[in-house]
Amino acid sequence: MLRPDTISIINQTKGKLPRLPFANIKDKILGKKYELSIVFLEDKEIKKINKKYRGKNKPTNVLSFSLTENSGEILLAPDVIKKEAPKFGMNIKNFTGFLIIHGMLHLLGFDHGSTMEAKEEKWKKYFHIK
């Protein structure tokens with residue numbers, strides 16, 4: 001169940017979103033008091049944001065932005081996710097779940113590397129993401 005005080009899911013695409021336990025994932029990884037927005041964007045929108053903040057002129061699958069110590073935002077591009085999921089041996093739902101975990105770990109301050117990968121594997125197992 002979504003609690004509007006701590007999580008919001010915004011779909012700015014025309015597509016349907018995968019059914020994932022968004023609030024449960026957020027509560028387990030970030031904590032119940034953390035305020036999170038998860039926004040699904042079209043490729044052209046995430047491309048603009050990726051260029052502005054990372055200097056990369058292409059759409060990306062996920063971006064995360066820490067707003068305060070206890071709030072943040074994760075942006076996802078479903079079309080990019082759909083294209084990339086097979087490269088990672090996952091279906092769209094599982095890859096989306098993995099990217100949400102990945103984005104949350106960035107919000108906690110983790111950078112890419114073996115520590116982050118170990119935490120991703122732990123949470124993938126916990127949430128049955130294959």
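Tabulated data for the structure shown
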quantity: Residue within segment 67-84 that is in a loop (DSSP other than H, G, I, E, B) and within 23 Å of K130 (Cβ to Cβ) present; calculated: yes
quantity: Enumeration of residues in segment 86-97 that are in a helix (DSSP H, G or I) and more than 17 Å from L41 (Cα to Cα); calculated: P86, K87, F88, N94
quantity: Flag if Y53 is exposed (fewer than 14 other Cβ atoms within 10 Å of the Cβ) and within 22 Å of T13 (Cα to Cα); calculated: yes
quantity: Residues that are closer than 12 Å to I74 by Cβ and among the polar types (S, T, N, Q), drawn from segment 17-37; calculated: S37
quantity: Hits in segment 86-101 (condition: under 14 Å from the mean Cα position of the chain (by Cα) and among the small types (G, A, S)); calculated: G97
quantity: Matching residues in segment 70-95 - criterion: being open to solvent by less than 40 Å² (accessible area, probe 1.4 Å), farther than 13 Å from E120 by Cα and of a type in the set (S, T, N, Q); calculated: S71
quantity: Restricting segment 7-43 to residues that are among the hydroxyl-bearing types (S, T, Y) and touching a Ser or Thr at 6+ places or on another chain (Cβ under 9 Å), the residue that is least open to solvent (accessible area, probe 1.4 Å); calculated: Y34
quantity: Members of segment 15-30 found to be assigned to a loop (DSSP other than H, G, I, E, B) and in contact (Cβ under 8 Å) with a residue 24 or more places away in the chain, listed by number; calculated: G15, L17, P18, R19, L20, P21, L30
quantity: Some residue of segment 42-62 being within 19 Å of G97 (Cα to Cα), in a helix (DSSP H, G or I), in contact (Cβ under 8 Å) with a residue 60 or more places away in the chain and in contact with a helix residue (DSSP H, G or I) (Cβ under 9 Å, 6 or more places away or on another chain); calculated: no
quantity: Residue that is nearest to F40 (Cα to Cα) [pool: residues in segment 103-122 that are open to solvent by less than 30 Å² (accessible area, probe 1.4 Å) and in a helix (DSSP H, G or I)]; calculated: G103
quantity: Breaking point among (1) within 19 Å of R19 (Cα to Cα); (2) of a type in the set (G, A, S); (3) without any contact (Cβ under 8 Å) to a residue 24 or more places away in the chain, for G97; calculated: (3)
quantity: Per-region count, segment 11-36, residues at pLDDT 95 or above, more than 21 Å from H128 (Cα to Cα) and not hydroxyl-bearing (S, T, Y); calculated: 4
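The values are calculated or read from the model by the stated rules, or taken from the named source; none is laboratory data. Treat the numbers as computed from the prediction; the structure is a model and nothing was measured. Using ideal geometry, Cβ is built from the backbone for each residue, glycine included, and neighbour counts are taken over all protein chains shown. Only protein heavy atoms, including side chains, enter the accessible area calculation; ligands, DNA and RNA are left aside. Shrake-Rupley method; radii C 1.70, N 1.55, O 1.52, S 1.80 Å.
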